[in-house]
1. Mind checking which pairs have a first residue in segment 14-29 that is closer than 15 Å to Ala140 by Cα and a second that is among the aromatic types (Phe, Trp, Tyr), Cβ under 7 Å, 6 or more apart or different chains?
2. Return only the number of the condition from (1) over 23 Å from Ser30 (Cβ atoms); (2) crowded, with 16+ Cβ neighbours inside 10 Å that Pro112 does not satisfy.
3. Quick check: is even one residue across segment 215-223 among the polar types (S, T, N, Q), farther than 22 Å from Ile137 by Cα and at pLDDT below 95?
4. Go through segment 28-40 and count every residue that is surrounded by 14 or more Cβ atoms within 10 Å (Cβ to Cβ), hydrophobic (A, V, I, L, M, F, W, C) and at pLDDT 90 or above.
5. Taking Ile182 and the conditions (1) surrounded by 23 or more Cβ atoms within 10 Å (Cβ to Cβ); (2) over 17 Å from the mean Cα position of the chain (by Cα); (3) closer than 17 Å to Val120 by Cα, which numbered condition does it fall short on, given that it satisfies the others?
6. Looking at Gly207, Gly131, which is the one that is over 17 Å from the mean Cα position of the chain (by Cα) and of a type outside the set (Asp, Glu)?
7. Can you name every residue in segment 17-27 that is farther than 14 Å from Glu88 by Cα and open to solvent by 70 Å² or more (accessible area, probe 1.4 Å)?
8. Give the residues of segment 139-153 that are in contact with a helix residue (DSSP H, G or I) (Cβ under 6 Å, 6 or more places away or on another chain) and open to solvent by 60 Å² or more (accessible area, probe 1.4 Å), sorted by residue number.
Amino acid sequence: MISIPLLKREIKSNYKLFIIFAAVLTMYISVIIPMFDPEIGNALAEFEKAMPEMMAAFGMSNPGTTLIEFMNSYLFGFLFIVFPMIFEIIIANKLIARYVDRGSMAYLLATPNKRSKIAVTQGVFLLLAVGALVLFITVASITSSQIYFPGNLDINKFLLMTFGLYCLHIAISGLGFFASSISNDTKLSYSISAGIPIGFFIIQLLGNMGGKLENFKYFTIFSLYDTDKLINGDSAGTWMILILLGAGLLLYIIGIFRFSKRDLPL
């Protein structure tokens, strides 16, 4: 149901971008995890006292007393959301909308592949690319934790958190894939795939600061990724990430169907 040559082509075209994002995330992981050291932790606590609203906005107001709680505050609250989100927005728009915008889609459709097969292949590639980045985050974080603090990380809870992270990014990338599938140019595609999740994330940051805007954060998809619930073993947290997974996959399916049926400016 997928085109292996097209899949290989996308891997070859995008692996450098993956390496760049993986390298940046490795740098942050290797710098932040050692900060669990109590002396540096005290410095972070002082910084939080000086700028409490900013730290709260980025989910860094409670470093916790365990390694997984510390990683939840300083990695999952911002870095593990923003960098993969940028990665998948870029990739999603390259998969369909840019082909249509540049007129290259005609060459793909001239091959013995149906539209649905091309769309499914591109969707599978995006899911694999996002999954590979989350897997890299998982392996790099566990490896760094074992190097600096062997035996201190609750692996089972951490794996549940990274699975939830993948579900969140399936939802975000699903929106990007849908936008790419319905757009004739990259401007429209980017305005949807980047504008909506970035807008949601800004609302989430403002809501985290408390005050009158606190309740607004519950109107974004990011509220469904509640890492505190996952750490505490609350079953509601698991159901919420499954909703993200279902919504994301549905967006992929709708995007494939819409691309297969719509008129293209070829």
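1. Phe21/Phe83; Phe21/Phe87; Ala22/Phe136; Val24/Phe83; Leu25/Phe83
2. (2)
3. Narrowing segment 215-223 to residues among the polar types (S, T, N, Q): 215, 220, 223.
If we keep only those that are farther than 22 Å from Ile137 by Cα as well, we get 215, 220.
Filter again for at pLDDT below 95, leaving 215, 220.
Yes - at least one qualifying residue is present in segment 215-223.
4. Number of matching residues: 3.
5. For Ile182, the failing item is (1).
6. Numbers: Gly131 fails: over 17 Å from the mean Cα position of the chain (by Cα).
Going through Gly207, Gly131 in turn, the sole match is Gly207.
7. Let us first name the residues in segment 17-27 that are farther than 14 Å from Glu88 by Cα, namely 23-27.
Of everything in segment 17-27, just one residue is farther than 14 Å from Glu88 by Cα and open to solvent by 70 Å² or more (accessible area, probe 1.4 Å), namely Met27.
8. If the condition is that a residue be in contact with a helix residue (DSSP H, G or I) (Cβ under 6 Å, 6 or more places away or on another chain) and open to solvent by 60 Å² or more (accessible area, probe 1.4 Å), then Tyr148, Asn152 are the ones that fit.
The values are calculated or read from the model by the stated rules, or taken from the named source; none is laboratory data. Since this is a predicted model, take the numbers as computed values, not measurements. Note that we place each Cβ from the backbone using ideal geometry, even for glycine, and neighbour counts take in every protein chain shown. Heavy atoms of the whole protein, side chains included, go into the accessibility calculation; ligands, DNA and RNA do not. Shrake-Rupley method; radii C 1.70, N 1.55, O 1.52, S 1.80 Å.
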